[in-house]
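Heads up, the thing below is written out as structure tokens.
The values are calculated or read from the model by the stated rules, or taken from the named source; none is laboratory data. This structure is a prediction, so every number in the text was calculated from the model and none was measured. Cβ: placed from backbone, ideal geometry, glycine included. Neighbour counts: every protein chain shown.
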């Protein structure tokens with residue numbers, strides 16, 4: 001049976017329109033979604049990704065195209081999809097939350113939050129089913145839905161503490177970086193460069209344009225020819 005498109009069909013972002021035929025009742029980032037969450041007393045499920053993200057596509061195939069996961073999301077949450085390349089401002093805020101919760105981040109970025117946009121859970125990729133080493137999206141969603149119904153105030157208080165902590169951190173005086181930090185960064189990338197296959201460190205290797213951009217700027221500033229060589233080799237091997 002042919003699926004009907006969801007709200008993302010009217011978006012400009014190719015990443016969002018690629019999810020337009022998911023059975024998930026996606027909203028783009030809009031006040032309508034948050035108003036519905038408040039009206040129906042449901043938490044928000046926020047998923048942030050981008051078109052060239054490998055694990056974003058994996059999670060879509062495993063979960064967002066899955067009828068069982070879609071039914072859970074549509075029943076207990078208000079799901080929102082965001083393209084990080086279209087809304088880097090939103091991505092930056094919630095990536096900071098993910099780093100706070102987990103010590104690392106990545107995409108797809110998975111955020112669970114209150115209807116007033118305050119996060120109480122953050123993660124990245126989740127498989128559909130739980131594994132011995134990590135919880136699956138299905139169990140995570142069902143657990144959070146149950147906890148929201150039985151202990152909503154606890155999650156609201158937790159989200160408030162997260163917001164307060166972030167505000168405090170952002171008010172702190174930032175340490176001024178020394179000028180030699182760029183040399184330290186260059187030497188780190190140089191030590192991890194794979195001279196045979198390009199890129200940095202061991203597999204899996206994902207495209208890291210910010211590393212290459214840094215190296216090109218470093219070459220421009222320092223006239224360090226090896227920085228440019230690393231960029232050229234990496235691009236030719238991609």
Hey, any hits in region 139-153 for a residue that's in contact with a strand residue (DSSP E or B) (Cβ under 8 Å, 6 or more places away or on another chain) and surrounded by 21 or more Cβ atoms within 10 Å (Cβ to Cβ)?
yes
Filtering region 66-94 down to residues that are under 12 Å from the mean Cα position of the chain (by Cα), touching a residue at least 24 places away in the same chain (Cβ under 8 Å) and either in a helix (DSSP H, G or I) or surrounded by 19 or more Cβ atoms within 10 Å (Cβ to Cβ) (or both) yields 81, 82, 83, 84, 90, 91, 94
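Rundown of residues vs (1) under 19 Å from residue 112 (Cα atoms); (2) surrounded by 15 or more Cβ atoms within 10 Å (Cβ to Cβ); (3) not assigned by TED's automatic domain parsing to the domain that holds residue 85, yes/no style:
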{"site": "12", "(1), (2), (3)": "no, no, no"}
{"site": "35", "(1), (2), (3)": "yes, no, no"}
{"site": "49", "(1), (2), (3)": "yes, yes, no"}
{"site": "63", "(1), (2), (3)": "yes, yes, no"}
If we keep only residues of region 117-134 that are outside any strand (DSSP E or B) and touching a strand residue (DSSP E or B) at 6+ places or on another chain (Cβ under 9 Å), then the residue surrounded by the most Cβ atoms within 10 Å (Cβ to Cβ) is 126
Give region 1-16 a look and list any residue that's closer than 15 Å to residue 79 by Cα and in contact with a helix residue (DSSP H, G or I) (Cβ under 6 Å, 6 or more places away or on another chain), or say none.
8, 16
Any chance residue 164 is part of a loop (DSSP other than H, G, I, E, B), exposed (fewer than 14 other Cβ atoms within 10 Å of the Cβ) and in the same structural domain as residue 77 (by TED's automatic domain parsing)
no
Looking at (1) over 24 Å from residue 152 (Cβ atoms); (2) more than 18 Å from the chain's Cα centre (by Cα), can you tell me which one residue 28 breaks?
(2)
Answer from 201, 208 - the residue that is in contact with a helix residue (DSSP H, G or I) (Cβ under 8 Å, 6 or more places away or on another chain), modelled with pLDDT under 85 and under 22 Å from residue 52 (Cα atoms):
201
Working only within region 167-196, note down all residues that are part of a loop (DSSP other than H, G, I, E, B), over 26 Å from the mean Cα position of the chain (by Cα) and either surrounded by fewer than 13 Cβ atoms within 10 Å (Cβ to Cβ) or modelled with pLDDT of 90 or more (or both).
173, 175, 176, 177, 178, 179, 180, 195, 196
Scanning region 46-86 for residues that are out of contact with any helix residue (DSSP H, G or I) (no Cβ under 6 Å at 6 or more places or on another chain) and closer than 18 Å to residue 149 by Cβ gives 71, 73, 74, 75, 77
Among residues of region 96-116, those that are under 12 Å from the mean Cα position of the chain (by Cα), free of Cβ contacts under 8 Å to residues at least 40 places away in the same chain and outside any loop (DSSP other than H, G, I, E, B), counted
2
